[in-house]
Structure formats: C-alpha cells, structure tokens
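What follows is a single structure, written as structure tokens, with notes after it.
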Ligand code: HEC
C-alpha cells in the first residue's frame, strides 16, 4: 500500500516536472513566424529608408493590420489593443511626438521614433539573457515593418 502510494507520488512528480520543462522550452523557444499577407497595392521601397514612407497610407494600414494580427497580436494584443496582453502598448510609442506643435521638431521626433521602431523589431528584445521578443529581421520585409507601424500609429489613442 505504502509502496504503491510512493510510486504514484513519484509518477505524479515526474509528470509535473515534465510539464514544467515543456513550459520553460515553450517560453524560451519563442520564434518569429512570417505572416502571410497580400501586399498588393503597397508601393515597393527598393532602397533602405529610415523613416516610415507609408505613414497614414490607407492601403499600408490595411496590410499592416493583417501582418500585425498574425505576427504581433499574441503579445501586443489584437488590433494593438493591449488589454490583457503581456507586452507593451505600441499605440503609445510616438505620443511625445504627437504633442509637439512645431512641424520641423515633430518630424525629427517621428524620424527618431521610426528608427527605434524598426531597429527594435529587427533585433527583438533580449534582456539579461531572456528573450522577451524574437528578432524579426529576415522574417519581415522592411515594407511589412513600416506597414505594421503605420497600422499601429493609426490605432493611436489621444492622450
Ligand atoms: C513573444 C511575444 C512578442 C511578439 C510576438 C512580439 N513582441 Fe514586441 N515586445 C514584446 C515584449 C515582451 C516587449 C517588451 C520588452 C521589454 O522591453 O521588456 C516588446 C517590445 C516591443 C517594442 C518596443 C516597445 C517599447 O515600448 O519600447 C516594439 C516596437 C515591438 N515590441 C514591436 C513588435 C512588433 C511590430 C511585433 C510583430 C512583428 C512584435 N513586437 C511581436 C513581446 C513580443
């Protein structure tokens, strides 16, 4: 009786350890999966650009929404709505720029924000050895990264 109890307990612990190991692998093995998106109507870029060429472009916002919901939403929330999502609210990224009245200063602020966005998405976020976001370079084309940003900005809320 005692032996059987011990056996089932140890089996139970084995199962628990197995589950924990699986969860750890699932988190550490976060991979960037390319979205499948119809990009027709999105002007190709050809050259590397550092500021968003699609800002407020209606077709880019549509393409960006589809790419975002496939690639980013599981962490940053469906349609960039962060309620219940584990990752930061991307709609707020350029809120400081939006408050600037002087057009030249605002353009410089947006350019800086664009560079931060595309660099962060390309490299992902690994902090003290823990991957918080996988890198997206070689997974997303620059066109899709800018389209995603155009979509996120279109979802920005006034604050
Ligand atoms: C596996 C979850 C996950 C996925 C998928 C993901 N992200 Fe992230 N992302 C995070 C986390 C977590 C952070 C915050 C990292 C930190 O600084 O602690 C972050 C941060 C960012 C930041 C910087 C935000 C800031 O406030 O500085 C940007 C920009 C970003 N993500 C864009 C994207 C885009 C675009 C996609 C889709 C192509 C995406 N992310 C997909 C988890 C994810």
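Laid out as a table, the results:
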{"read-out": "Mean separation of Cα contacts under 8 Å, 6 or more apart, over the residue count of the range 31-154: relative contact order %", "value": "37 percent"}
{"read-out": "Relative exposure of 112, 38, judged by other C-beta atoms within 10 Å (fewest first)", "value": "38, 112"}
{"read-out": "Using distinct alpha-carbon pairs, which all enter the 1/r mean, Kirkwood radius of the range 92-159 in Å", "value": "13.2 Å"}
{"read-out": "Förster-model FRET efficiency, 41 Å R0, residue 128 and residue 59, C-beta, rounded to 0.05", "value": "0.55"}
{"read-out": "Anisotropy class of the range 31-154 from Cα gyration tensor, a/c 1.5 cut", "value": "rounded"}
{"read-out": "Sequence of 96, 54 once ranked by neighbouring C-beta atoms within 10 Å, starting from the fewest", "value": "96, 54"}
{"read-out": "Rounded if a/c under 1.5, otherwise prolate or oblate - the range 54-106, Cα gyration tensor axes", "value": "oblate"}
{"read-out": "Per-residue Cβ neighbour rank within 10 angstrom, fewest leading, 143, 30", "value": "30, 143"}
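Rule-based calculations on the coordinates, nothing more; no lab input. Since the model is a prediction, treat every value here as computed from it, not as a measurement. Virtual Cβ from ideal backbone geometry, glycine too; neighbours counted across all protein chains shown.
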